[in-house]
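These notes are about the structure you will find just below.
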């Protein structure tokens, strides 16, 4: 049997989370919400992803507070209104697809908040253009051309931690099976970890122990509140001399495991404009492999994984337990179908699609339960 299409179970306090295969849809920001509310675009997008053949779909970075959004168009889960919109949209999308598991990435953008959408330049927005003053561990702007963020005090930190917990409870109430805390790509939790963005002189800055303190506090608080499967996305390196690196990531991951972390999703970069990334096929996989070896945690590899045999080899050599795809799935929406045809696997999708396959791939679709979970 193909490893990519073999079943896998993620841990969870309430129960294990069974996955039909090892393919995960990584969170992909859509910049299509209005005041944080899920909308028609999300219905179409999620329905499509739930029919992709992946076993687990991760909803995009979802802000736990309005000021934690990357852009004014980012999805939110900070109150009952945003929760109702998400729950309704998610329910309708799941009714049009087979029993795909759902994860949500909860996030706070920190100093990278209040930005324009990528196709509008991605620069920090001022109040006249719908922006706000972002907050961060230290008054260090993401870009030299931007104004510095407001420094978070302990009251602000407590408010953010409480918001993560409240959002996790809302996600749980709507039947989302897993949560991924966003501690990657230069957003708030990552900003606390990296000495490039965290230059505080209190209990939350300086030493590695202090820089890890707030992210670990947030994780522990969400762990206490959420009994489902809980993991974290990590940038394993800043790709900058003197920044966050693999050795520190391993220590952090070990601390997370001790707090009950069920999985770790290993990415890199995103914190500094000075980063120098040697981009190539599977360039982040070695970081996943080393963190998996050091912690024994269920590990997701991501980053320029584009071929079925490439994904299969990553699993076969023990570099990761799960394979996450993002842009690959945007470009090839039914990549799991094609991979199943190549590797002898089976996927699930709505039977409306059953007749579309070429003759040589007729065995790709397995038993379907439409509308159920």
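Can you name the number of the only condition in (1) surrounded by fewer than 19 Cβ atoms within 10 Å (Cβ to Cβ); (2) within 23 Å of residue 324 (Cβ to Cβ) that residue 120 fails?
(2)
Given (1) touching a helix residue (DSSP H, G or I) at 6+ places or on another chain (Cβ under 8 Å); (2) within 20 Å of residue 52 (Cβ to Cβ), identify the lone condition not met by residue 295.
Against the list (1) touching a helix residue (DSSP H, G or I) at 6+ places or on another chain (Cβ under 8 Å); (2) within 20 Å of residue 52 (Cβ to Cβ), residue 295 comes up short only on (2).
Looking at (1) without any contact (Cβ under 8 Å) to a residue 24 or more places away in the chain; (2) more than 30 Å from residue 155 (Cβ to Cβ), which is the only condition residue 290 fails?
So the condition that residue 290 fails would be (1).
Considering every residue within segment 164-173, establish whether at least one is without any contact (Cβ under 8 Å) to a residue 24 or more places away in the chain and outside any loop (DSSP other than H, G, I, E, B).
no
It is to be established whether one or more residues within segment 103-117 are surrounded by fewer than 20 Cβ atoms within 10 Å (Cβ to Cβ), over 26 Å from residue 352 (Cα atoms) and touching a residue at least 60 places away in the same chain (Cβ under 8 Å).
Yes; the residues of segment 103-117 include at least one that is surrounded by fewer than 20 Cβ atoms within 10 Å (Cβ to Cβ), over 26 Å from residue 352 (Cα atoms) and touching a residue at least 60 places away in the same chain (Cβ under 8 Å).
Quick check on segment 37-65: of everything there that is touching a helix residue (DSSP H, G or I) at 6+ places or on another chain (Cβ under 9 Å) and free of Cβ contacts under 8 Å to residues at least 40 places away in the same chain, which residue is surrounded by the fewest Cβ atoms within 10 Å (Cβ to Cβ)?
40
Return the pairs, sorted by first residue and then second, in which the second residue is at pLDDT 95 or above and assigned to a strand (DSSP E or B), the first residue lies in segment 316-331 and is over 21 Å from residue 262 (Cα atoms), the beta carbons are less than 8 Å apart, and the residues are 6+ apart or on different chains.
The qualifying pairs are 326/25; 329/25.
Out of (1) buried (at least 19 other Cβ atoms within 10 Å of the Cβ); (2) in contact (Cβ under 8 Å) with a residue 24 or more places away in the chain; (3) touching a helix residue (DSSP H, G or I) at 6+ places or on another chain (Cβ under 9 Å), what's the single condition that is false for residue 24?
(3)
Looking at (1) assigned to a strand (DSSP E or B); (2) modelled with pLDDT under 90, can you tell me which one residue 354 breaks?
(1)
Only one of (1) modelled with pLDDT of 95 or more; (2) over 19 Å from residue 199 (Cα atoms); (3) not in a loop (DSSP other than H, G, I, E, B) fails for residue 155. Which number is that?
Here residue 155 clears every test but (2).
Restricting attention to segment 227-243, does a residue exist that is surrounded by fewer than 19 Cβ atoms within 10 Å (Cβ to Cβ), under 17 Å from the mean Cα position of the chain (by Cα), modelled with pLDDT of 95 or more and closer than 27 Å to residue 159 by Cα?
No - not one qualifying residue is present in segment 227-243.
Give the residues of segment 357-372 that are modelled with pLDDT under 80 and either part of a helix (DSSP H, G or I) or surrounded by 11 or more Cβ atoms within 10 Å (Cβ to Cβ) (or both), sorted by residue number.
357, 359, 360, 361, 362, 363, 366, 368, 370, 371
Could you list all residues from segment 120-140 that are in contact (Cβ under 8 Å) with a residue 12 or more places away in the chain, part of a loop (DSSP other than H, G, I, E, B) and out of contact with any strand residue (DSSP E or B) (no Cβ under 8 Å at 6 or more places or on another chain)?
Within segment 120-140, 130, 132, 140 qualify.
Residues of segment 174-221 being crowded, with 23+ Cβ neighbours inside 10 Å and assigned to a helix (DSSP H, G or I), which ones?
Within segment 174-221, 188, 189, 190, 191, 192, 193, 211, 214, 215, 218, 219 qualify.
The values are calculated or read from the model by the stated rules, or taken from the named source; none is laboratory data. Model, not experiment: these values are computed from the prediction. Using ideal geometry, Cβ is built from the backbone for each residue, glycine included, and neighbour counts are taken over all protein chains shown.
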